[in-house]
Amino acid sequence: MEEEIRKIVGDKWVITGEEKTLYAFDGFTAVVGNPSLVVLPGNEEEAIEVIRLLISKEKKMIIRGSGTSLSGSTVPLKGEVVVSLTRLNKVYEVKGMEIEVGPGIANIMVTKSSPQDLFFAPDPSSYVVSSIGGNISHDAGGIHVVKYGPTFNSVISLKVILPNGNVEYFYPTPFLNPTSIFIGAEGTLGAILRARLRLFPKPKAKKTIIGVFPTVEKASKAVVNIFKAGVIPSSLEMMDRNIVEIVERSRFRAGLPRANILLVELDGNENEVKESSEKVINVIGKLEGEVLVPEDDEKYWLARKGAFPAMGVVSPAYLTLDCNIPRKYLPEIMTEIEKISKEKNVLIANVFHAGDGNLHPLIPYDPNDPESLKRAIEASTEIFSLAIRMGGVPSGEHGIGIEKIKTLSKYYSEVDLKVMQRLRNTFDPKGLFNPCKFLEKCEPINQVTRWLWEWD
Amino acid sequence: MGMGLEKCVHCGFCLEACPTYVITRSEVHSPRGRIVAMKLGIPSEGLETCVFCRRCEAACPSGVEYGEAIASVRKADPIKKIMHRVLEDPNLLYASLKIAKGAKTGFLSRVSEFVKEVSPPLTKEDKDAEIILFPGCLTSVLFRSTVEKALNYLQKFYKVKIYNGCCGLPHYAEGNKERALKIAEKLREEFKGKVVVSLSSNCTAHMKEMKVGEVYDFAEFIVKRDLPLPKVNAEVTVHDPCHANLLGLTKYNREVLKRMGVKIKEMEDPSFECGAGGTYFMFQPELSDKIMKVKEEKVKKSGAEVVISTSEACNLALMKYSKVLHIADLL
Ligand SMILES: Cc1cc2nc3c(=O)[nH]c(=O)nc-3n(C[C@H](O)[C@H](O)[C@H](O)COP(=O)(O)OP(=O)(O)OC[C@H]3O[C@@H](n4cnc5c(N)ncnc54)[C@H](O)[C@@H]3O)c2cc1C
Ligand code: SF4
Ligand code: SF4
């Protein structure tokens, strides 16, 4: 089979031997897999040929984008073939307020390839690298979700190679929209080959307001009150004191005050922005927050977007949770998270999409000390259980992957899960695409997967 | 192996900043992949294909010191070591390039694709010189007129001595770190008590990092000493040499151009690699050509006829498709 694949893509684009390890894990580094082969097709035709060949040989495979998944959804646990689609990064068409691209294109390149007055709204913090294929398959969010919605709201149609080898276009319809089934499918229903995306007009005016708060609770209350004041910000992000300390030690330091920070972006026309900013400043002031209105706001957003990797200055590895909760519970859950941090004796830094209640507690651990990873996993289990109790969801944007498999049974009913399972079986009866992830339960392969997959 | 790579959290933020990733889109030729290979001791091809532009460092929020790690892991082969020796001796370099320029086949013919004109290095030593003018090894023999212009300009204000030689950056980048440290030692001696003005911005950056003395980039010196500048009516785009960019030196080029009244038409991503990378263009011709192609598109899209670039190897690559001038050429 390797020989046949080489014939399709050329020797240079087949990776074997020890170098395969470079494709053994992604942004979730706690579990390292073991691909049997890595293939990088150079275009759509090659990708189709390779995938059809793998299907015909009943070879299990993982479709990979830029490998930034934070739930480990590209980790080949059982010797799967990794098919990387990063080279499929063409722009096929720019027309009206739509753009059609290959799945391997980096998110940042979509706006760069669009007409000057338009932009692609969903921008996960990883937008400089993560691919559209990956964004769609995890329904990635980002700092602009609060106003423009997650990736879901910006996908118009898809071209997909299904697990039976057929290549099909899926167009939107007002009933049983088939496009949506692939959004958030984590590569388990086929491989996306092209995506037609929606572009938004760039706002005429934009303004960043920074709220500086003595306590997380006050900052959280401000989040709730901003909406109560009738403002829908284009971004509303929180950085607690812990993450501010860390970011200020990183390369992307911005000179933020050592406090709990709200970063608010307002966009629209001049009048709208002016009116909303008065309201936001008022909310912050009433909660004893200090207001900064920076001339040059870029460095603050860079600091926000670089906050996860900035964790590297304190620890070589960390878990990133992404549960969503109703906004009104923000003050409460932040207090609870602090308690869990003390009880479990782990550092928890919070930097997140506060506007849509999407938390990101970051829990560092030492990869050379399994006990520290166990503690981090225990703390994370407590946090998402708490989120579910408060009416939230276990994963808001990073996906289930291998990291959150056990949360499903806590959140969904048995019937829900059966329906999802049946869908997956209909598409991929042999379970060839991205096995042992998301809906498919496998036997743990080591102690870490046991901690992740099994309830005590 | 430690090597300061523990800070890498495998986020991938560095991927699209890396010229070899941009053209291959393969983890093997990416900073993140190279870091895994170094950490785990995997003999990956990627360790050879790195241009050593260190754009990945600028893109890394965590502050991974990639350059230092790869410089320690690479081992130069004998051919590279010989080439490095040639770079150290300006007269030998002049003689060798003259031969290479005529080469029609083989390894040297690759050099002839880039080298148009070779001149013996300019020498000058004013009595009681206050300033050392450091052209950079390639500049001294390939861009002699630039050196002349810079010298004339500086001599209006200072007594100047030219130091022809190599900064050691190619050695450091290509697995000859030991020799690079020796060169730095030698420069430290030569530069003692003097102010050094360098015409090659990447050399400037390297010498600053190696702490060889009081070194300024040409434009940096002009700005910091507030030297008078002529008005020049021109429209250009600016290339930011990678190492100089990492150290924040390229803003001085823009400042000088602004003071001269030169109109800048920015290209996209001005610090994207030129494709030359020291001796990279000779040892990795295929990748190097592809990187140059990407750069060429960015330059052409800017719409400017002239590229301002202040680093010698970059200039060679840029000259393949555009008119290239150093700041000193405008004086
Ligand atoms: C520092 C950092 C910050 C982040 N910030 C955010 C954030 O703000 N918001 C957010 O939502 N996420 C964030 N993420 C998570 C991650 O970047 C996103 O989930 C992203 O969408 C993954 O894209 P990728 O190209 O890296 O996909 P990969 O990691 O390669 O793959 C992810 C999943 O998509 C599937 N897949 C990839 N391509 C295809 C395809 N063509 N067809 C079918 N399936 C495919 C894979 O099988 C896998 O299941 C962040 C990650 C990091 C490291
Ligand atoms: S080097 Fe830096 S930017 Fe690149 S993957 Fe590692 S932490 Fe991320
Ligand atoms: S030094 Fe340049 S070529 Fe090498 S890994 Fe970093 S960005 Fe890529």
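Could you say which residue among B:GLY275, B:GLY261, B:GLY248 is within 15 Å of the chain's Cα centre (by Cα), surrounded by fewer than 19 Cβ atoms within 10 Å (Cβ to Cβ) and not hydrophobic (A, V, I, L, M, F, W, C)?
From the options B:GLY275, B:GLY261, B:GLY248, the qualifying one is B:GLY248.
Please determine, by comparing only the residues of segment B:2-16 that are modelled with pLDDT under 95 and either assigned to a helix (DSSP H, G or I) or more than 7 Å from chain A (Cβ to nearest Cβ) (or both), which one is nearest to A:PRO316 (Cα to Cα).
Step by step, filter segment B:2-16, then rank; the result is B:LEU5.
Exactly one of these conditions fails for B:LYS251: (1) within 28 Å of B:ARG179 (Cβ to Cβ); (2) more than 16 Å from ligand 3 (Cβ to nearest atom); (3) more than 14 Å from every other protein chain (Cβ to nearest Cβ); (4) not aromatic (Phe, Trp, Tyr). Give me its number.
Every listed condition holds for B:LYS251 apart from (1).
Across segment A:306-318, which residue is farthest from A:LYS404 (Cα to Cα) among those that are more than 7 Å from every other protein chain (Cβ to nearest Cβ) and more than 12 Å from ligand 1 (Cβ to nearest atom)?
Result: A:VAL314.
Report those helices (runs of 4 or more DSSP H) wholly inside segment B:156-239 carrying at least 2 residues which are over 17 Å from the mean Cα position of the chain (by Cα), charged (D, E, K, R) and modelled with pLDDT of 95 or more.
Counting at least 2 such residues, we get B:177-191.
Does at least one position in segment B:90-105 carry a residue that is away from ligand 3 (no atom under 16 Å from the Cβ) and touching a residue at least 60 places away in the same chain (Cβ under 8 Å)?
Checked against the condition, which is being away from ligand 3 (no atom under 16 Å from the Cβ) and touching a residue at least 60 places away in the same chain (Cβ under 8 Å), segment B:90-105 yields at least one hit.
Of everything in segment A:425-449 that's charged (D, E, K, R) and at pLDDT below 95, which residue is surrounded by the most Cβ atoms within 10 Å (Cβ to Cβ)?
A:LYS437
Hey, can you tell me all the residues within segment B:17-72 that are among the β-branched types (Val, Ile, Thr) and either at the interface with another protein chain (Cβ under 7 Å from one of its Cβ atoms) or part of a loop (DSSP other than H, G, I, E, B) (or both)?
B:VAL28, B:VAL36, B:ILE42, B:VAL51, B:VAL64
So, in segment A:390-413, exactly how many residues are surrounded by fewer than 18 Cβ atoms within 10 Å (Cβ to Cβ) and among the aromatic types (Phe, Trp, Tyr)?
1
Quickly run through segment A:23-55 and pick out the residues that are crowded, with 21+ Cβ neighbours inside 10 Å, assigned to a helix (DSSP H, G or I) and either more than 9 Å from chain B (Cβ to nearest Cβ) or without any contact (Cβ under 8 Å) to a residue 12 or more places away in the chain (or both).
If the condition is that a residue be crowded, with 21+ Cβ neighbours inside 10 Å, assigned to a helix (DSSP H, G or I) and either more than 9 Å from chain B (Cβ to nearest Cβ) or without any contact (Cβ under 8 Å) to a residue 12 or more places away in the chain (or both), then A:ALA47, A:VAL50, A:ILE51, A:LEU54 are the ones that fit.
Of the residues B:GLY41, B:GLY63, B:GLY33, which single one is crowded, with 24+ Cβ neighbours inside 10 Å and more than 8 Å from ligand 3 (Cβ to nearest atom)?
Criteria check complete, one pass: B:GLY33.
Looking only at segment A:162-208, which residues are touching an Asp or Glu at 6+ places or on another chain (Cβ under 8 Å) and either within 15 Å of ligand 1 (Cβ to nearest atom) or without any contact (Cβ under 8 Å) to a residue 24 or more places away in the chain (or both)?
Pass one, segment A:162-208, residues touching an Asp or Glu at 6+ places or on another chain (Cβ under 8 Å): A:162-163, A:183-184, A:188-190, A:193-199, A:201-208.
Across segment A:162-208, the qualifying residues are A:LEU162, A:PRO163, A:ILE183, A:GLY184, A:THR188, A:LEU189, A:GLY190, A:LEU193, A:ARG194, A:ALA195, A:ARG196, A:LEU197.
A:VAL419 passes all but one of (1) touching a residue at least 60 places away in the same chain (Cβ under 8 Å); (2) among the hydrophobic types (A, V, I, L, M, F, W, C); (3) out of contact with any helix residue (DSSP H, G or I) (no Cβ under 9 Å at 6 or more places or on another chain); which number fails?
Here A:VAL419 meets the rest and fails (1).
When B:ALA69 is evaluated against the numbered criteria (1) within 11 Å of ligand 2 (Cβ to nearest atom); (2) at positive phi, which criterion, by number, is the only one it fails?
(2)
For segment B:2-18: of the residues being in contact with a Cys (Cβ under 9 Å, 6 or more places away or on another chain) and closer than 23 Å to A:VAL14 by Cβ, which is nearest to ligand 3 (Cβ to nearest atom)?
Going through the qualifying residues, I end up with B:CYS18.
For segment A:199-207, state whether one or more residues are in a strand (DSSP E or B), out of contact with any Phe, Trp or Tyr (no Cβ under 9 Å at 6 or more places or on another chain) and of a type in the set (D, E, K, R).
Yes, segment A:199-207 contains at least one residue that is in a strand (DSSP E or B), out of contact with any Phe, Trp or Tyr (no Cβ under 9 Å at 6 or more places or on another chain) and of a type in the set (D, E, K, R).
Give me the helices (runs of 4 or more DSSP H) completely within segment A:79-167, filtered to those with at least 2 residues that are away from ligand 3 (no atom under 16 Å from the Cβ) and away from chain B (no Cβ under 14 Å), ordered by residue number.
A:132-137, A:145-148
Going through segment B:4-31 one residue at a time, which ones are under 20 Å from A:GLY42 (Cα atoms), away from ligand 1 (no atom under 11 Å from the Cβ) and of a type in the set (Asp, Glu)?
Selection gives B:GLU16 alone.
The values are calculated or read from the model by the stated rules, or taken from the named source; none is laboratory data. Since we're looking at a predicted model, the values are computed, not measured. With ideal geometry, Cβ positions are generated from the backbone for all residues, glycine too; neighbour counts draw on all protein chains shown.
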